[in-house]
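Data first, discussion second: the structure below is written as structure tokens.
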Amino acid sequence: MAEGTSAAGESGAGVAEREYMTSAKLKAYAHPLRRQLMRVLSREGYGRAADLARIVGKPANQVSFHLRALSEIGWIEEAPELARDGRDRVWRLVPSALDVGSPEHPAEDLDAGLAVLTVFAAEQRELLERVSAWSAKYVTGEDPETRGMALAATLRLTREEFGVLSERLQETIRDFGQRRPAGVRIEADGEVRAYDLAVLAADDTI
């Protein structure tokens, strides 16, 4: 997954049909190292345990353990066509779209579901802080490159219209995500970058 999570769900590049998170997946996403490994695989396309360990700064055996755990619940898979030999294990993300829960399909594990939402909120705050820090350099001309975006608007909509807007945003994200799907490494050429994306919305009752 081009890993991204929302209170409503988790979506990845080239995502499949949506499904609800099992208790195992909720607990896996709440684990910080596993979440970090998924982000790295989303950005890099694929990787070996040793390579991923260097990126996240953790021992290779620890990373291997968590990669196997992510594989067991179906969030990552081996890419044998990229292996150098029979002992070489290369991992890539499995495109997915997973909902934490809904009134019709309550979270399978309440505590784990709340932990995922807490993690998600913290990550969005961190992303907003990153964009804000860059914006200060952009508006002063210190950094002329467009590296991020802070988008805010107040819209007067019915619940139905807001639902349509939400669907269109998700469709647009899926469209762009499918152009370079998860599991494919994009070699650095100065053109393609990995963008973290968050679109925040709240009505006047919250």
_Any pair with Cβ under 8 angstrom, 6 or more apart, that starts in the range 187-203 at a residue that is under 21 Å from residue 47 (Cα atoms) and open to solvent by less than 100 Å² (accessible area, probe 1.4 Å) and ends at one that is modelled with pLDDT of 80 or more and not hydrophobic (A, V, I, L, M, F, W, C)_ = 194/42; 194/43; 196/130
*Out of 115, 153, 133, 122, sole residue that is exposed (fewer than 12 other Cβ atoms within 10 Å of the Cβ) and under 21 Å from residue 42 (Cβ atoms)*: 122
*Tell me, please, whether a residue that is of a type in the set (S, T, N, Q) and either at pLDDT below 90 or in contact with a Cys (Cβ under 9 Å, 6 or more places away or on another chain) (or both) can be found in the range 84-102.*
yes
*Could you give every pair whose Cβ atoms fall below 6 Å, whose first residue belongs to the range 62-90 and is open to solvent by 20 Å² or more (accessible area, probe 1.4 Å), and whose second residue is assigned to a helix (DSSP H, G or I), counting only separations of at least 6 or pairs across chains?*
64/49; 73/24; 73/25; 73/28
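Quick grid of which residues meet (1) closer than 28 Å to residue 51 by Cβ; (2) in contact (Cβ under 8 Å) with a residue 12 or more places away in the chain; (3) among the β-branched types (Val, Ile, Thr):
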residue	(1), (2), (3)
147	yes, yes, no
150	no, yes, no
156	no, no, no
160	no, no, no
164	no, no, yes
169	no, yes, no
173	yes, yes, yes
178	yes, yes, no
185	yes, yes, no
*Hey, among 90, 131, which residue is more than 16 Å from the chain's Cα centre (by Cα) and more than 30 Å from residue 22 (Cα to Cα)?*
131
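The values are calculated or read from the model by the stated rules, or taken from the named source; none is laboratory data. Not measured: the values here are computed from a predicted model. Glycine gets a Cβ as well: all are built from the backbone with ideal geometry, and neighbour counts include every protein chain shown. Side chains included, ligands, DNA and RNA excluded: accessible areas come from the protein's heavy atoms. Shrake-Rupley method; radii C 1.70, N 1.55, O 1.52, S 1.80 Å.
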